[in-house]
Structure formats: structure tokens, C-alpha cells
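**Q** Pasting in a structure now, in C-alpha cells, and then I'll have a few things to ask.
The values are calculated or read from the model by the stated rules, or taken from the named source; none is laboratory data. Keep in mind the model is a prediction, meaning the values are calculated, not measured. So basically every Cβ, Gly included, is an ideal-geometry build from the backbone, and we count neighbours across all protein chains shown.
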Amino acid sequence: MDTNCPIGFFDSGVGGLSVYSLFKKMLPYENTLYFGDLKNMPYGNKSKTELLQFAHTILDFFKEQNVKAVVIACNTSSANVYDIVKSEYDFKIYPIIQSCAKVISNMNFKKIGVFATVATINSGAYKSEIQKYNPNISVVEQSCPKWTNFVEGGQIYSEECLSNIKTQLDKMMCYNPERIILGCTHYPFLKPVLTKFADEKIFIDPSEIFVKFIFDDLKKSNMQRISKEMGTEKFFVSANPENFVNNASLFYKVNKLPSIV
Ligand code: DGL
């Protein structure tokens, strides 16, 4: 395998940049591709069949680009399609939920909340993945159907967003979780608002754990690119490249308008 081949990242939109931006800091020498599926966003209200179709289109595209690995920087796809696609391609596929569950289950909390999309919550993936490692942890799952649209619509400081976030937090706090997982890669974009109502320390953003997992695994599998030159990067979207660049700015500066594929 040629370690110069790129690593592909995908999400429904800008959310995956919360993972991608950390990855670029930790592994700046890797060549990378990022695909934001804005035409089909939000993924959270889609069926498993639709999500599988979107993932196949993106993974086939990455295959043509000769990737050495793909990062599913999307909880909804990790929860609903990873088990199916993992054996269909000859490159490694990293899913966010399954890659982080072990570390989260070892954190020694008894009760953990999860905010995620409807499709992630309906899959029960966080609960089953965490309890696989520690059945004594109680996991409270709560869907936030509007949050992705607040991020992709550039409305994170709107009245509607503020009041929706407060309502969701109030509901979750009734269960007294010790920590709350931001189980959708779009949700770290909402941290400036979430932290108006709750202490930042209560939130777990799985991106850090995820990127560390990928870093270790690439090293262990001798897949790391060894170079003194910084990695190249290319961005792709299925629609609305301008929106992508504007909304991305909270996490990553995208210098060139992404190509539409
Ligand atoms: N950011 C994605 C996730 O982590 C998808 C959100 C959406 O499109 O609804 O689940």
C-alpha cells in the first residue's frame, strides 16, 4: 500500500470538520479528502436504506480517488451503515462511535447522556457499543432533530436555536448524567451556545478520542505517511459549496471553493 494515498473523510455537511480539524493538527503530513453531502443533509431524518445509498456513493467516489482509508466523521452513518460497508471495500474504514466506545466506557462514569440525531438514537448504537464494554453504565439517549439544521443554516445564535438547546438540556439534566456525549459531529459547533446553559466540562466531544484512535491505528498498521512535506487537501460537496465554506469557518478555514461531485 502506498502511504502517500489520501485518507477520505465524509459527513452530511460541515459537522465532520470537528474531527477533520483535529486530525489535520495531529497528522499534518497526511494527504486528505473531505466530502460534505450537502445535497442529502440532514442525515438524521433519513432511513437506513437511504443512508446506505449515500455511503455507497461516497465510498465508491473515494475508491476512484485511490484512498488508503476512510474516516466516517458522521455518527449517523457510523451507527446505521458501518456494519454493512466495512467488508465491502478493500481499504480500512474508521467509524466514530465504534472507535470511541471503549475509551468512553473506561472513563468510570455510571450515567452518561447522549445527544444525537434521530437516526443515531433509533439505532441504539451508543448504548450498545458502550454497554458492550461495561454493562453497568446507564446511557440516556436523547435526539435533537433540529440541531444539524441550525449549524448548516448558519443560525446557531438565533432565538429558536437558543431556546431549543435550553429545552433539550433541561430535559437531559432531569436524568442527572455525569457527562453528555455530543453524539453528532455537528454539535461541537453549538458549544458556544451549549455552554451558556451548562458547564463545558459536562460535554464529551468524541472527536479527540476518535482522532487519537485513528493516529494509533495508522501507526500500528504502518499506514502513516512519512514525509517532511505537509499533506495536500481537497474538499468536495454534493451541493452548495458557498454554504459549506461559510459554515465551516468555526472549525476550519477552507481556502478554495469545494468541487461539486
Ligand atoms: N454530523 C452527522 C452526525 O454525526 C450527521 C448529522 C445530520 O446530517 O443530521 O450524525
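**Q** Report, ordered by the first and then the second residue, all pairs with beta carbons closer than 8 Å, sequence separation of six or more or different chains, a first member in the range 50-66 that is within 11 Å of F10 (Cα to Cα), and a second member that is of a type in the set (K, R).
**A** Filtered contacts from the range 50-66: F54/K46.
**Q** Mind checking which residues of the range 9-41 are out of contact with any Pro (no Cβ under 7 Å at 6 or more places or on another chain) and more than 16 Å from the ligand (Cβ to nearest atom)?
**A** Scanning the range 9-41 gives K24, K25, M26, L27, P28, Y29, E30.
**Q** How many residues are surrounded by fewer than 16 Cβ atoms within 10 Å (Cβ to Cβ) and of a type outside the set (S, T, Y) when one looks only at the range 180-197? Write out each step before concluding.
**A** Step one: list which residues in the range 180-197 are surrounded by fewer than 16 Cβ atoms within 10 Å (Cβ to Cβ), which gives 192, 195-197.
Among the residues that remain, those that are also of a type outside the set (S, T, Y) are: 192, 196-197.
Qualifying residue count for the region: 3.
**Q** Across the range 141-178, which residue is nearest to the ligand (Cβ to nearest atom) among those that are among the hydroxyl-bearing types (S, T, Y) and touching a residue at least 60 places away in the same chain (Cβ under 8 Å)?
**A** Going residue by residue through the range 141-178, those that are among the hydroxyl-bearing types (S, T, Y) are 143, 148, 157-158, 163, 167, 175.
Then drop every residue that is not touching a residue at least 60 places away in the same chain (Cβ under 8 Å), which leaves 143, 148, 175.
Working: S143: 10, T148: 4, Y175: 21 Å.
Per the criteria, the residue is T148.
**Q** Here is a follow-up. Of the residues I226, I214, I181, only one is of a type in the set (A, V, I, L, M, F, W, C), touching a residue at least 40 places away in the same chain (Cβ under 8 Å) and within 15 Å of the ligand (Cβ to nearest atom); which?
**A** On the way: I226 fails: within 15 Å of the ligand (Cβ to nearest atom); I214 fails: within 15 Å of the ligand (Cβ to nearest atom).
Going through I226, I214, I181 in turn, just one is of a type in the set (A, V, I, L, M, F, W, C), touching a residue at least 40 places away in the same chain (Cβ under 8 Å) and within 15 Å of the ligand (Cβ to nearest atom): I181.
**Q** Can you work out which of the residues in the range 67-77 that are farther than 13 Å from D11 by Cβ and touching a Lys or Arg at 6+ places or on another chain (Cβ under 8 Å) is nearest to the ligand (Cβ to nearest atom)? Show your work before the answer.
**A** Taking the range 67-77 as the starting set, the residues that turn out to be farther than 13 Å from D11 by Cβ are 67-69.
When the remaining residues are screened for being touching a Lys or Arg at 6+ places or on another chain (Cβ under 8 Å), the result is 68-69.
Numbers: K68: 23, A69: 19 Å.
Result: A69.
**Q** Report, ordered by the first and then the second residue, all pairs with beta carbons closer than 8 Å, sequence separation of six or more or different chains, a first member in the range 74-85 that is closer than 14 Å to E50 by Cα and of a type outside the set (V, I, T), and a second member that is away from the ligand (no atom under 12 Å from the Cβ) and not in a helix (DSSP H, G or I).
**A** Y82/I93
**Q** Here is a further query. Quick one: is V193 within 23 Å of G13 (Cβ to Cβ), more than 16 Å from the chain's Cα centre (by Cα) and touching a residue at least 24 places away in the same chain (Cβ under 8 Å)?
**A** Yes; evaluated as a whole, the condition is true for this residue.
**Q** How about the range 188-207: which of its residues are within 18 Å of P95 (Cα to Cα) and either away from the ligand (no atom under 15 Å from the Cβ) or touching a helix residue (DSSP H, G or I) at 6+ places or on another chain (Cβ under 6 Å) (or both)? So that I can check it myself, show each step before the final result.
**A** Of the range 188-207, the ones within 18 Å of P95 (Cα to Cα) are 188, 204-207.
Scanning the range 188-207 gives P188, D205, P206, S207.
**Q** Say we look at the range 127-161 and pick out the residues that are farther than 18 Å from N80 by Cα, aliphatic (A, V, I, L, M) and outside any loop (DSSP other than H, G, I, E, B); which of these is nearest to the chain's Cα centre (by Cα)?
**A** Across the range 127-161, the extreme among qualifying residues is V151.
**Q** Among the listed residues N80, N122, identify the single one that is within 13 Å of the ligand (Cβ to nearest atom), modelled with pLDDT of 95 or more and touching a helix residue (DSSP H, G or I) at 6+ places or on another chain (Cβ under 7 Å). Break it down stepwise before answering.
**A** On the way: N122 fails: touching a helix residue (DSSP H, G or I) at 6+ places or on another chain (Cβ under 7 Å).
None of the other options fit; the residue is N80.
**Q** Inspect all residues belonging to the range 8-31 and state whether any of them is under 29 Å from S128 (Cα atoms), part of a strand (DSSP E or B), of a type outside the set (S, T, Y) and touching a His at 6+ places or on another chain (Cβ under 9 Å).
**A** Yes, the range 8-31 contains at least one residue that is under 29 Å from S128 (Cα atoms), part of a strand (DSSP E or B), of a type outside the set (S, T, Y) and touching a His at 6+ places or on another chain (Cβ under 9 Å).
**Q** Inspect all residues belonging to the range 100-109 and state whether any of them is within 28 Å of M1 (Cα to Cα), surrounded by 17 or more Cβ atoms within 10 Å (Cβ to Cβ) and near the ligand (Cβ under 10 Å from one of its atoms).
**A** Here is the first cut: in the range 100-109, the residues within 28 Å of M1 (Cα to Cα) are 100.
Going one step further and asking which of them are surrounded by 17 or more Cβ atoms within 10 Å (Cβ to Cβ), we end up with 100.
When the remaining residues are screened for being near the ligand (Cβ under 10 Å from one of its atoms), the result is none.
Within the range 100-109, none of the residues are within 28 Å of M1 (Cα to Cα), surrounded by 17 or more Cβ atoms within 10 Å (Cβ to Cβ) and near the ligand (Cβ under 10 Å from one of its atoms).
**Q** Taking the conditions exactly as written (more than 9 Å from the ligand (Cβ to nearest atom) and touching a Pro at 6+ places or on another chain (Cβ under 7 Å)), does I112 satisfy them or not?
**A** Numbers: more than 9 Å from the ligand (Cβ to nearest atom): yes; touching a Pro at 6+ places or on another chain (Cβ under 7 Å): yes.
The answer is yes for I112.
**Q** Read through the list (1) farther than 21 Å from Y43 by Cβ; (2) free of Cβ contacts under 8 Å to residues at least 12 places away in the same chain, then give the number of the only condition that K111 fails.
**A** (2)
**Q** Find all pairs meeting these conditions: Cβ atoms under 6 angstrom apart; at least six residues apart or on different chains; first residue within the range 232-261 and hydroxyl-bearing (S, T, Y); second residue at pLDDT 95 or above.
**A** T232/N31; S238/D37; S238/L38; S238/K39; Y252/L17; Y252/S21; S259/F236
**Q** Could you give me the residue pairs with C-beta distances under 8 Å whose first residue belongs to the range 31-49 and is under 12 Å from A239 (Cβ atoms), whose second residue is within 12 Å of the ligand (Cβ to nearest atom) and of a type in the set (V, I, T) wherever it lies, and which are 6+ apart or on separate chains?
**A** G36/V14; M41/T148
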